[in-house]
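Engineer: Attaching a single structure in structure tokens format; questions to follow.
Just so it is clear, none of the values below were taken in a lab; they were calculated from the coordinates. If you're wondering where the values come from, they're calculated on a predicted model, not measured in any experiment. Please note: Cβ atoms are built from the backbone with ideal geometry, for glycine as well, and neighbour counts cover all protein chains shown.
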Amino acid sequence: MEPETLAAAGSKRETASGPETLKNFIGGEWVESAATDAIDDVDPATGAVLARVPLSTTADVDAAARAARAAQPAWAAVPVTKRARAVFALREALVAHRDELTRLVTEDMGKALDDARGEVGRGIESTEVACGVPTLMKGENLEAVATGIDVEMWRQPVGVVAAITPFNFPAMIPLWFLPYAIACGNTFILKPSERDPRTPQRIVELVAGIDEIPDGVVNIVHGAHDAVNGLLDHPEIDAISFVGQASTALHVMDRGTRSGKRVQALGGAKNSMVVMDDADLGKAIPAMMQSAFGNAGQRCLAGSVAVVVGDGERHREVRSALAEAAANLPTGNGADEGVVCPPMVGADARDRLATAAGRAIDEDGSEVVVDGRDRTNAAGALMGPTILTIADRESDLAREELFGPLLGLLEVGSLDEALEFVNASRYGNASVIFTESGAAVRRYRNEVEAGMIGINVGVPAPVAWFPFAGWKDSMVGDLHANGHDAIEFYTRKKVLTTRW
Ligand code: NAD
């Protein structure tokens, strides 16, 4: 069912009493949440309230789970070729609304327009991979394992799948899960981040307009912790895909598996960028700026520590190149032309980051290389690119995910020392090395403990045909997002042994 159309693409919808309160989409109907509480979705550029987000209750979750369960057997019985065509129709709708979705991402979470366009493109890419489900979902067989006996393995859907997603990629991350889950014959409930839910809401509106996707196959429930815990506990939900902070990932894994669910939970990160003494700074510095300060450092692949290898002269050379590039990096609201470092998701996030920077300086003895704390915007959400030296290798600046435009700088003498620092992290999402040396690359890619590695690439985001996730505390569970892992996660295997 197609809901009311947007008054103007990518702009907020007002009612007589102010910004609209988002509805849940359950069983093919747009319904008001039973919640009495709602929070504001705020534009980090202007501070304007774009929508009210209901804090849905366990009753809302229960309604969604029942609708998804009721729709699942008939959806699983739709031939896989037709399910693939339904996902292809979603791909067509996403492409047709690419600009609108891009503007929504920028309004809702602040991201620069170019970056938002890239994010939407990545979400479309995942949808395209899921269109290959007839090939991807094929099983295996082996004739004559014993006299007259053959064996085959089928993949069947897991059942009802829920995805719980973070604020920093409101288009791409829901699309890491939705297309694959439904392509495999599951029904789906999305609980998007409560901070910027208008983009996922619009994606579900597009789904609602696709005739080939029946009512109840895709549902959305807005809210925060209560909605998440309701999903984790619900007996009608079979699998959970989660992306967010490491502490939330552990909670989701613990509570979800206690009620017998299959869970994949991608967590936080603290990614190092190693700059070898032979690195071409003309290429490395711009890539490091994008990695550390693009999307205001709010990416799970953001490089948040620069580990510079060399002698005192090289350290001074790289430090001054980083300082000059960061001080001149285009910074401002995401809709402004050419911006690289946009505002953070909200003033609360910005305040938390500025406080962490102050603590590093006052308590740990970090030196200021570039200080962006005196820059802000109308919403109080912007902080300029900031670089501080790491004075204590076990400090928060060195070890904790601070998730903003704050880069720690560590100067070391050798690749051994760099590897020792990098591998002592509790996180292992991504790691990057800049060098012209094949020998350094070979050693780094072999020894570094992380799931996604960049060689002269600042943001090593795997394309959707490959699995996406990290190691250590950056991921709990086994199967990553995207590619073959997505098919593994959203299907269960059945093995048939036959004698004739
Ligand atoms: P978050 O953990 O605060 O929230 C993620 C989701 O969990 C939201 O939908 C939220 O409503 C819910 N949630 C949060 N706390 C909860 C609680 N205590 N109980 C129940 N539900 C809860 O994450 P965020 O701040 O929205 O997103 C940023 C984080 O996501 C960063 O740590 C970032 O590194 C991580 N991230 C990781 C990847 C990856 O691939 N590993 C990708 C993107 C983002």
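Engineer: By its C-alpha gyration tensor, with a ≥ b ≥ c as the square roots of the eigenvalues, how is segment 269-321 shaped: rounded for a/c under 1.5, else prolate for a/b larger than b/c, else oblate? Please report the intermediate quantities before stating the final value.
Structural biologist: Values: a/c = 2.46, a/b = 1.88, b/c = 1.30.
The shape class here is prolate.
Engineer: Report the net charge of residues surrounding E125, where surrounding means a beta-carbon distance below 11 angstrom and charges are Lys +1, Arg +1, Asp -1, Glu -1.
Structural biologist: Numbers: positive: R91, R122; negative: E119, E128.
Local charge sum for E125: 0.
Engineer: Summing +1 for each Lys or Arg and -1 for each Asp or Glu, what net charge is found among the other residues whose Cβ lies under 10 Å from the Cβ of R314? All intermediate terms of the calculation are to be shown ahead of the outcome.
Structural biologist: Values: positive: R316, R319; negative: D277, D278, D311, E313, E317, E411.
Residues near R314 contribute -4 overall.
Engineer: Beta carbons within 10 angstrom, averaged per residue: use that to sort the peptides 161-170, 318-327, highest first. Could the numbers behind the result be given before it?
Structural biologist: Numbers: 161-170: 25.9, 318-327: 18.1.
Taking the mean over residues of other Cβ atoms within 10 Å, the ranking is 161-170, 318-327.
Engineer: Next up: Helix 58-77: angle to the longest alpha-carbon principal axis of the chain, degrees 0 to 90, nearest 10?
Structural biologist: It is inclined by approximately 60 degrees.
Engineer: Add +1 for every Lys or Arg and -1 for every Asp or Glu among the other residues with Cβ under 11 Å from the Cβ of P467, and state the total. Write out the running numbers ahead of the final one.
Structural biologist: On the way: positive: none; negative: D478, D485, E488.
After counting each charged neighbour, the total is -3.
Engineer: I would also like to ask the following. Test of understanding: what is the full-extension gain from N456 to S437, defined as 0.36 nm times their sequence separation minus their Cα-Cα distance? Display every interim value, and only then the final one.
Structural biologist: Working: separation 19, 0.36 × 19 = 6.84 nm, distance 1.08 nm.
In short, 5.8 nm is gained.
Engineer: Here is the link list: K82/K472; K191/K493; K23/K138; K261/K472. Which ones come out longer than 29 Å on Cα distance? Mind dumping the intermediate values first?
Structural biologist: Values: K82/K472 39 Å; K191/K493 27 Å; K23/K138 38 Å; K261/K472 21 Å.
Correct reply: K82/K472; K23/K138.
Engineer: Which angle between 0 and 90 degrees, to the nearest 10, do you get for helix 347-359 versus the longest principal axis of the chain when only C-alpha atoms count?
Structural biologist: So the helix axis and the longest Cα principal axis differ by about 40 degrees.
Engineer: With runs of 4+ DSSP H residues as the only contributors, calculate the mean residue ellipticity of the chain at 222 nm using -39,500 (n - 2.57) per run, divided by the residue total and rounded to the nearest 500.
Structural biologist: Values: 16 runs with 188 residues, N = 500.
Value at 222 nm, helices only: -11500 deg cm²/dmol.
Engineer: Over the Cα atoms of the chain, each weighted equally, I'd like the Debye log10 I(q)/I(0) at q = 0.05, 0.09, 0.10, 0.11 Å⁻¹, rounded to two decimals.
Structural biologist: -0.20, -0.63, -0.76, -0.91
Engineer: Tell me, Kirkwood radius of segment 44-143 from alpha-carbon pair distances, in Å? Display every interim value, and only then the final one.
Structural biologist: Working: mean 1/r = 0.0591 Å⁻¹.
Averaging 1/r across every pair of different Cα atoms and inverting gives 16.9 Å.
Engineer: Relative to the longest principal Cα axis of the chain, at what angle does helix 198-208 sit, 0 to 90 degrees, rounded to 10?
Structural biologist: Compared with the principal axis, the helix lies near 30 degrees.
Engineer: Where the centre of each part is set by its Cα atoms, how far does segment 429-457 sit from segment 348-389, in angstrom?
Structural biologist: 29 Å
Engineer: Also, quick follow-up: For segment 271-455, evaluate the Debye formula with one uniform point scatterer on each Cα (no solvent term) and list log10 I(q)/I(0) at q = 0.12, 0.17, 0.18 Å⁻¹, rounded to two decimals.
Structural biologist: -0.51, -1.04, -1.17
Engineer: Which whole-number percentage describes the relative contact order of the chain, with Cα contacts under 8 Å and a sequence gap of 6 or more?
Structural biologist: Numbers: 1205 pairs, mean separation 89.2, N = 500.
Contact order relative to length: 18 percent.
Engineer: Only Cα pairs under 8 Å and at least 6 apart count here; give the relative contact order of segment 271-455 as a rounded whole percent.
Structural biologist: On the way: 362 pairs, mean separation 52.3, N = 185.
Answer for segment 271-455 is 28 percent.
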